[in-house]
1. In the stretch 149-172, which residue that is touching a Phe, Trp or Tyr at 6+ places or on another chain (Cβ under 9 Å) and surrounded by 15 or more Cβ atoms within 10 Å (Cβ to Cβ) is nearest to Leu241 (Cα to Cα)?
2. Which of the residues that make up the stretch 49-59 are closer than 16 Å to Arg132 by Cα and in contact with a helix residue (DSSP H, G or I) (Cβ under 7 Å, 6 or more places away or on another chain)?
3. Is it the case that the stretch 238-249 has a residue that's surrounded by 14 or more Cβ atoms within 10 Å (Cβ to Cβ) and touching a residue at least 60 places away in the same chain (Cβ under 8 Å)?
4. With the requirement that a residue be in contact with a Leu (Cβ under 8 Å, 6 or more places away or on another chain) and either not assigned by TED's automatic domain parsing to the domain that holds Asn74 or not in a loop (DSSP other than H, G, I, E, B) (or both), what does the stretch 33-51 give you?
5. Check whether at least one residue in the stretch 121-131 is of a type in the set (Val, Ile, Thr), in contact with a strand residue (DSSP E or B) (Cβ under 9 Å, 6 or more places away or on another chain) and at pLDDT below 95, and report yes or no.
6. Considering only residues that are among the charged types (D, E, K, R) and touching a residue at least 40 places away in the same chain (Cβ under 8 Å), which ones fall in the stretch 81-124?
7. Looking at the stretch 109-151, which of its residues are among the β-branched types (Val, Ile, Thr) and over 15 Å from the mean Cα position of the chain (by Cα)?
8. Select, from Ala8, Ala30, the only residue that is touching a residue at least 12 places away in the same chain (Cβ under 8 Å) and part of a helix (DSSP H, G or I).
Amino acid sequence: MLAAVKRALLIVNPYSTHVTGPRITAVERALRERVVLQTEFTQRRGHATELAAASEADAILVFSGDGTYNEALNGGDDGVTPFGFLPGGGTSVLPRALGLPREPVAAARAIGEALAEGRIRRISLGVANGRRFCFSAGIGFDSEAVRRIDALGRDESGRRPGDITFARTVGKMVVERRGRWEPQLEVDGFGRAAFVLVANCDPYSYAGAVPLHVAPLARFEQGLDFAAPVRVRARELPRLLRAVVRGRGYPSDLLTGHDLDRIEVRCDRPLPLHVDGEDLGDVDSVVFEARRDAVPVLV
């Protein structure tokens, strides 16, 4: 019986928005009901990648926000070791999109049971110029917002700004541009656009409790989807926002692609790129690729 007990590595980012000492203790207690647990805390950018790459555990569990999920997935690439994602960030898109409980202890119990029972779901991942991502990537608009949020820094406890600050940042961008985005990149085989949003699942992200349906047909088990407005005008913004919230009613001049293995984008000038909310710097071109059936996840 002891030989059948699974060993799990729990990677914790102690600076994620909703990760606290008492919650870490409660999550560990819940997991230890079903698995043998080793806990490691991230100490620097990229540390989760190193921890995942060096792990010999039966599963890699991550209690953090979306950025640390991304780092861990870029370290564990054997396609065999399952991952579990516990919501600890301000948004935590990945576990929510996978249908896990939003409360971390409840999610820990579900993941511990899944590991003990061998219950997994195999999902695809995206790759942008060699960097893996699990739910979204973008060039231009939302990447600029990510960069501006990063520039605000962290509070005295080490935590990043939340959804309200993100909404204010986007609003400021809209005012500065007078609600206008002109074509500035080419999506190969589809046409020119103002910016491009690439999705590995639906929803693309969340605004608080509200899911944002940039690519409503995107599924974890399929290839990549994208949505790219040809141009944006101030008068069109309310309709575009309603469409993203409802998942229908999109403007006719929106470029889209569904279940794709490869998306190539060339920019008129260097533009910001993000994956899973992580700023990857400015790029002249990006190749997005789907890695189908890439990783088993515990749900």
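The values are calculated or read from the model by the stated rules, or taken from the named source; none is laboratory data. This structure is a prediction, so every number in the text was calculated from the model and none was measured. Positions of Cβ are generated from backbone atoms using ideal geometry, with glycine treated the same way; all protein chains shown enter the neighbour counts.
1. That would be Val170.
2. Across the stretch 49-59, the qualifying residues are Thr49, Ala52.
3. Checked the stretch 238-249: no residue is surrounded by 14 or more Cβ atoms within 10 Å (Cβ to Cβ) and touching a residue at least 60 places away in the same chain (Cβ under 8 Å).
4. Those that are in contact with a Leu (Cβ under 8 Å, 6 or more places away or on another chain) and either not assigned by TED's automatic domain parsing to the domain that holds Asn74 or not in a loop (DSSP other than H, G, I, E, B) (or both): Leu37, Gln38, Thr39, Glu40, Leu51.
5. no
6. Within the stretch 81-124, Arg96, Arg109, Glu113, Arg119, Arg121, Arg122 meet the criteria.
7. Ile111, Ile120, Ile149
8. Ala30
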